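Laboratory data are not the source of any read-out in this text; all were calculated from the coordinates shown. Given the structure is predicted, the values throughout are model-derived calculations rather than measurements. FYI the Cβ positions are ideal-geometry reconstructions off the backbone, even for glycines, and counts take in every protein chain you see.
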Amino acid sequence: MKAMLSIKPEYVDRILKGEKTYEFRRRIFRRHDVDTIVIYATSPKSAVVAEATIGGILEETPEGIWEQTHDHGGIDEDGFMDYFKGSDIAYAIELSQVTRFPEPIPLSDYAPEVKAPPQSFVYIQ
């Protein structure tokens, strides 16, 4: 099973360069069979650009996640803590085997059943 995540282009670029190997989320999939992340780059790219295998998912306090992942998170501590402000739990999805598509793919071509970019994530068959 795949889950599509909307990610800002600056972070997508860091993922594709191998500088960011964790994607941080305040909420995570309920399904346990999600093994692949589909990376949708938000505006101005607005396209599906890559897929990545999930290497694992960490669940911890934001401070605990920062301690474990800050060297590979592709974000500074202030930005990280701002994102998780008010959250007791943080999730870090380890991205492994990132495969960049030769060309960005419009959402309507990649997943016609998905009518709009996901706010957080959406499952893809």
task = Give the stretch 90-119 a look and list any residue that's within 30 Å of residue 66 (Cα to Cα) and assigned to a helix (DSSP H, G or I), or say none.
result = none
task = Among the residues of the stretch 108-124, count how many are closer than 23 Å to residue 22 by Cα and either more than 16 Å from the chain's Cα centre (by Cα) or not aliphatic (A, V, I, L, M) (or both).
result = 6
remark   = Filtering the stretch 105-122 down to residues that are under 24 Å from residue 55 (Cα atoms) and surrounded by fewer than 16 Cβ atoms within 10 Å (Cβ to Cβ) yields 119, 120
query = Does residue 87 satisfy the criteria of being assigned to a loop (DSSP other than H, G, I, E, B), of a type in the set (Gly, Ala, Ser), under 23 Å from residue 122 (Cβ atoms) and free of Cβ contacts under 8 Å to residues at least 40 places away in the same chain?
reply = no
ask   = Of the conditions (1) assigned to a helix (DSSP H, G or I); (2) in contact with a Leu (Cβ under 8 Å, 6 or more places away or on another chain), residue 66 fails just one. Which one is it?
value = (2)
